[in-house]
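Comments concern the structure below.
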Amino acid sequence: MIRWLGSSVLIAFIISLTACTPTVLLGLEDNISEKTTTAQSSVADTVFINAAVYTVNESNPWAEAVAIQNGFIVYVGNNAGTEVWIGNQTEVIDLEGLMLMPGFQDPHLHAVEAGNNEQLCILSATASANQYRRELQDCAQQQSNSEWVRGAGVSMIDLFELNESPLDLIDSAIPNRPVVIQDDLGHGAWANTLALQAVGYDQINGHPQGGTLGRDAQGNLNGIVLENAQQKLRTASLLPTQDNLNFTYQNFLGALQTLSGFGITSVSDAGGYWPRNHQDIWARAEREGTLSVRASNAFYVFPDRPFDEQIAELGRLFNNDANGLVRFNQAKIYVDGILDLGTSALNDPYDFFLDLPGTDEKGFLYFETETLNRYASSLADIGYQLHFHATGDRGAGLALDAIEQAQSSAAEDARHRITHLYLIDQADRPRFKELGVVADFQLAPGSTDLQYANLIAEVIGSRANDLLPAASILKTGATVVLSSDWDADSLSPFEKIKSVLTRSNEGIANLETALRMMTLDVAFLLHQEGSTGSIEVDKLADLIVLDHNLFEVPVSQIDRTNVLLTMLGGRVVFQDASF
């Protein structure tokens, strides 16, 4: 049972510990001397004692006490050294051996979308035409008060294989309202005729830039859209009216609670769909004091919008204010799609070509190469940190090329990154270190287990034996970080830790490295390693308390760990009922 102890009692208690407490764990004299010159007073707001403090500071990895003042860490050391920081108003928390560590940082997730997706109807990934018809009708009834019907969960591959036309099916189920059903992978959607007409897809011959439109043998639309073509539908279904923004904001508050519950204190939201005013949702949360994370977010770059107009708008929206909790200082640029749909851009043809619309035997590209490079340089000129989506080896190579070309435009030490990276050509692997590019992997169980590799092997053959080469890139000396891609994959940091430590191929060697890749290395990527990512004097008190010491439980049980307390800048943003 954790004890909140009165400060007067604690002073006597700590003095009594002096005789039995080992000498200073973390250079106590240096810590006190350093902070005395910067602290406004010698009294802390909060003091943790009797903790297993894992600092992620290589020079002083462990401590047993931490003091916090005005949102900053003012002391890291042993229990005895906290005496000078305790006053009448100090809250002293005896953790009785529980683990205290820096908050996790997740550099690639979709928090605003995750909140909204909680309100969607969820359809079966695979179903018969009649079952889909019933599920669609149920969805329409559940959302009877909205103009659009919105759902998710279907498999695009299975829709293509239905005996009935997907468009005829969805039109028969919901003929009088526009419908958009997102797929189960985030790279496609199923729409009815009214929805396709609402965004003008009935007037297009061929495909919109960066996306594809499914058609039947006669060339007529079949209701399936892939890649960027879904974005117009998703925007139209939730236009940024005041009612829709209020709806999105309330959903976002639930997503923030989920983040804090997993001990995540810094994020990079990779959505940033500015035509839907996602940036206003973040600004409102900061303004109203409901924001419980620091955020360095990305704006999505639409391949089907005019170049000059989009660059001008992104220039206007750019925000890199280090004094706020939220920055929009990254540009999310898709190079390709995903292996599952055959839309990853590969150097060599797929072993099994799915022949989906708009793709060829080597996959699919969102941008022509010249346009991709032009966007990279222009956005770097504005000051954006480039954030590329690339899953195939050709896609990764093109992203590296674009970054290399933009280097003369980018600020020094820009720390551009590429995320996903399922396949990386051997010749490109040293380039991450050479160009200062951060490699961002999602290594949750869903992408690292044997079942997934076997599934992908059906379309790319033996190349599936070398998926997600995180350890290989780490060995080159490049910075490697781990993220979740929530809500496309699991948010839990503990599941990822277990996954990377138990992975038979391309696993991470030890727990210390895995934790650094989810704390201090992400802080480096987000240009905030001087203030977050480790427990050190003068850094922000973004801290979490765990119910298990990760270094004392079997690796197989790490995923059972729970967060008991989450602090952002010394402010409690989550507290488990049992704490």
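Read the figures in this text as sums done on the coordinates, not as results from a lab. From a predicted model like this one, the values you see are computed outputs, not experimental measurements. Counting neighbours? That spans all protein chains shown, and the Cβs are built from the backbone with ideal geometry, glycine included.
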Filtering GluC sites (Glu not before Pro) in region 365-469 by DSSP loop and by at most 10 other Cβ atoms within 10 Å leaves 412
May I ask you to sort 325, 317 by Cβ crowding, counting other Cβ atoms within 10 Å and putting the fewest first?
317, 325
Nearest-5 percent of antiparallel DSSP beta bridges in region 111-237?
60
Note on region 111-237: alpha-carbon gyration tensor, axes a ≥ b ≥ c; rule is a/c under 1.5 for rounded, else prolate if a/b larger than b/c, else oblate; result rounded
Before rounding to the nearest 500, sum -39500 (n - 2.57) across all DSSP H runs of length at least 4 in the chain and divide by the residue total; then give [θ] at 222 nm in deg cm²/dmol.
-9000 deg cm²/dmol
Can you pull the one-decimal nm distance between simple spin-label points at residue 547 and residue 204, each 7 Å off the Cα toward Cβ?
4.8
If I model a spin label as a point 7 Å beyond the Cα along the Cα-Cβ vector, how far apart are those points for residue 163 and residue 147 in nm?
3.8
Between residue 355 and residue 307, what length in nm is gained on full extension when 0.36 nm per residue of separation is reduced by their alpha carbon distance?
14.3 nm
Residues of region 67-83 with the amide nitrogen closer than 17 Å to a label point 7 Å from the Cα of residue 575, along Cα-to-Cβ, please.
68, 71
Whole-angstrom Cα spans of the chain along principal axes, big to small
86, 54, 46
Using the Cα centre as the reference, give the magnitude of the dipole from point charges on the C-beta atoms of region 317-525 (Lys, Arg: +1; Asp, Glu: -1; all else neutral), rounded to the nearest 20 debye.
640
Could you check what % of the DSSP bridge pairs in the chain are antiparallel, to the nearest 5?
50
By the gyration tensor of its Cα atoms, with a ≥ b ≥ c the square roots of the eigenvalues, what is the shape of region 413-534: rounded for a/c under 1.5, prolate for a/b over b/c, or oblate?
oblate
Need the full-extension length gain, residue 218 to residue 531, defined as separation in residues times 0.36 nm minus the C-alpha distance. One decimal, nm.
106.7 nm
Equivalent ellipsoid semi-axes for region 317-525, as square roots of 5 times the alpha carbon gyration tensor eigenvalues: give them largest first, rounded to whole Å.
26, 23, 15
Residues with beta-carbon under 10 Å from that of residue 207, excluding residue 207: net charge, scoring Lys, Arg +1 and Asp, Glu -1?
-1
What FRET efficiency would be calculated for the residue pair residue 319, residue 128, taking the C-beta separation as r and a Förster radius of 35 Å, to the nearest 0.05?
0.15
Take the Cα of residue 246, step 7 Å along the line toward its Cβ, and report every residue of region 271-294 whose backbone nitrogen sits under 12 Å from that point.
none
Between residue 137 and residue 96, what is the spin-label point distance in nm, taking each point 7 Å from the Cα along the Cα→C-beta axis?
5.7
Mind checking the full-extension length gain between residue 427 and residue 453? Use 0.36 nm per residue of separation minus the Cα-Cα distance, one decimal, nm.
7.1 nm
Ranked on Cβ counts within 10 Å of their own Cβ, fewest leading, 174, 281 go 174, 281
Long pairs among 362/498; 475/496; 332/475; 232/433, criterion Cα-Cα beyond 28 Å:
362/498; 232/433
Heads up, region 153-194 by the C-alpha gyration tensor (a ≥ b ≥ c square roots of eigenvalues; a/c under 1.5 rounded, else a/b over b/c prolate, else oblate) looks oblate
